[in-house]
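Input: a single structure, listed below in structure tokens.
The values are calculated or read from the model by the stated rules, or taken from the named source; none is laboratory data. Values in this document were obtained by computation on a predicted structure and should not be read as measured data. Cβ coordinates were reconstructed from backbone atoms using ideal geometry, including for glycine residues, and neighbour counts include every protein chain displayed. Calculation scope for accessible area: heavy atoms of the full protein, side chains included, ligands and nucleic acids excluded. Shrake-Rupley method; radii C 1.70, N 1.55, O 1.52, S 1.80 Å.
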Amino acid sequence: MRNMTAGSIAEASGGILLQGSPKTPVEHISLNSNIMEGNDLFVPLIGEKVDAHRFLLQAEENGASAVFTSEHDEAPRGAKAAWIRVEDTKKALQALGTYCRSRLALPVIGITGSVGKTTTREMVAAALSAQRQVFKTPGNYNSQVGVPVTMWEMGREDYDIAVVELGMSEPGEMTVIAKIAGPDMAVITNIGVTHIGQLGSQENIYREKMSIQDGLKPGGTLILNGDDPWLAKSKAKEGCRAVFYGTGKSHDYRAEDIRVTDGYPSFTAVCRGERIPVALKVMGAHQVGNALAALAAADLNGVSLEKAARALETYEGYRGRQQLSERGGILFIDDTYNASPASMKGAVDILSSLEKRRRRVAVLADMKELGEEEGRYHREVGEYLGDRRVDVLLTLGELAREIERGAMGRNPSLEAVHFQEKEELKAYLLERLTEGDAVLFKGSNSMKLGEVAQYVCQHHH
């Protein structure tokens, strides 16, 4: 945020300046005491295992010009930065984020959903960039601590529109971050089972996602995936309107003539009588819905549909999500950023759709946070894979055994091998992959399957 000082931060966060000049300039926010850009506000968060207050003096040494603290009534001897006493460091950060948002006049598009948030965020930003200066959430800053930092970053340069990703993993979280972001438009991509372990049911997930409207500005627009059964019959809150995208004839933005050629989808976007051909450079038929959401957001913000479509066609994916590379005649698809049943089935579809490949190899690891039904969800993915054109299935992790069981039940002749250790999997892939193969890597981020993908791609000859 521009022109912020320790004094203005103390006032915005409801804190008290214990030490230092209120005129101390602050240019950045850091949540990591080791990573400073200069003149940072360090926010020590209290986690389950570590209380970052113990790193306050280290943060000063590394470039923090101001720090929050909820554990000091006076700054310790030798402290040099501006010390700001707050009741709760996380809530103070959120109050600061809300203040930053209040100082910004630019429209904000908030994006949530069980699957596809980040890809849709990137696509919306790409479509808008045809005619607008776009800010978008940096990295994965989509949480209760990430969104306030995003609000700060948004005000550091001249943008005329922002695309903000809003994620949640526990009840009530969406309301908190939606109120901080204050979106003028809100996109909901779908209602799946991600985080069902914490939220208890798909109905609870639906309610939580819809509570993005708790922060939606009066007169705002809710952009919904009309092909999702949970969202199809939803309504916007009073004073706002709902706009639908999908394949249904009644949808405001719809896709016709959908084709997938060697993994890449193309379609005709139809809106208000306009018919615009779109050919995407990201793989999978499920990307059509994400692209429609982007076209809707662009159109509703005054960007020409034709120009938005052409800008979308330049988007080639996001790190860890369908990153394609070829080495030694083998196509590697790294889709390891995260995984849910829906996204894993989508990835299997991509692999299955590849033409002219000697073998299609799926390397799948555990999906996390799926609650009591986790075994069933893994088995269902396996059954889905067993009915597709996949030649080899390699699984990693205890839950992934259920993927193998489901797949073998549908296709007993499938070549399938299970691994408990990443090193064994690496060795097997290096030995067995040959020219002409296509190999997909997909699993929850905590399984670190991306390390396997990267290693095998780099070391295969």
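Packing, taken as the mean count of other beta carbons within 10 Å per residue, orders the peptides 275-284, 259-268 from highest to lowest as 275-284, 259-268. Express in Å², to the nearest 10, the accessible area of TYR337 obtained by rolling a 1.4 Å probe over the protein heavy atoms while all chains stay in place. Taking all protein chains as shown, TYR337 has close to 50 Å². Residues in region 335-344 carry Karplus couplings, in order, of 10, 9, 4, 6, 7, 9, x, 5, 6, 5 Hz; the curve used is 6.51 cos²θ - 1.76 cosθ + 1.60 with θ = phi - 60°, and Gly or Pro positions show x.
When a 1.4 Å probe is rolled over the protein heavy atoms, the share of accessible surface on region 12-71 that falls to carbon and sulfur comes to 49 percent. Measuring between their Cα centroids, region 24-79 and region 391-452 lie 43 Å from each other. Secondary-structure-derived ellipticity at 222 nm for the chain, considering helices only, amounts to -9500 deg cm²/dmol, per-run term -39500 (n - 2.57) for DSSP H runs with n ≥ 4. Quick one: Cα centre-to-centre distance for region 258-280 and region 107-160, in angstrom? So the two Cα centres are separated by 25 Å. Evaluated with a Cβ-only charge set (Lys, Arg +1; Asp, Glu -1), region 209-267 carries a dipole of roughly 280 debye about its Cα centre, given to the nearest 20.
Dipole magnitude for region 77-183: computed about the Cα centre from +1 point charges on Lys and Arg Cβ and -1 point charges on Asp and Glu Cβ, it is near 360 debye.
Placing +1 on the Cβ of every Lys and Arg and -1 on the Cβ of every Asp and Glu, with no other charges, gives the chain a dipole of roughly 940 debye about its Cα centre. Each residue, GLU238 and TYR159, gets one label point 7 Å from its Cα in the Cβ direction; the gap between the two is 3.3 nm. Once backbone amide H atoms are built at 1.01 Å from N, GLN19 has TRP83 as its partners under 5 Å, excluding neighbours fewer than 5 places away on the same chain. Look at the dipole of the chain built from charges on Cβ: of VAL381, LEU57, GLY346, the Cα furthest out on the positive end belongs to GLY346. If both residues of a DSSP beta bridge must be in the chain, then about 30% of such bridges are antiparallel.
Taking all protein chains into account, the per residue accessible area for the chain stands at 43 Å² (1.4 Å probe). Taking a ≥ b ≥ c as the square roots of the eigenvalues of the Cα gyration tensor, region 206-249 is classed as oblate, since a/c reaches at least 1.5 and a/b does not exceed b/c.
Along region 139-148 the Karplus relation, 6.51 cos²θ - 1.76 cosθ + 1.60 evaluated at θ = phi - 60°, assigns HN-Hα couplings of x, 10, 7, 10, 10, 5, 9, x, 5, x Hz to successive residues, with x for each Gly and Pro.
Mean sequence separation of contacting Cα pairs (under 8 Å, at least six apart), scaled by the length of region 1-77, corresponds to a relative contact order of 27 percent.
Taking each of LYS136/LYS217; LYS117/LYS281; LYS136/LYS345; LYS90/LYS448; LYS179/LYS237; LYS117/LYS368 in turn, the alpha-carbon distance tops 23 angstrom for LYS136/LYS345; LYS90/LYS448. Of the solvent-accessible surface of region 220-349, computed with a 1.4 Å probe over protein heavy atoms with every protein chain present, carbon and sulfur atoms account for 49 percent. Peptides 47-54, 82-89, 321-328 ordered by packing proxy, namely the average of other Cβ atoms within 10 Å per residue, highest first: 82-89, 321-328, 47-54. Near THR24, the amide H atoms lying under 5 Å from its own belong to ALA6, GLY7; only residues 5 or more places off or on other chains count, and H is placed 1.01 Å from N.
Applied to region 50-59, the Karplus parametrisation 6.51 cos²θ - 1.76 cosθ + 1.60 on θ = phi - 60° returns per-residue 3J(HN,Hα) values of 10, 9, 6, 4, 5, 9, 4, 5, 5, 4 Hz, with x for Gly and Pro. The fraction of accessible area contributed by carbon and sulfur in region 359-458 is 41 percent, rounded to a whole number (1.4 Å probe; ligands and nucleic acids excluded).
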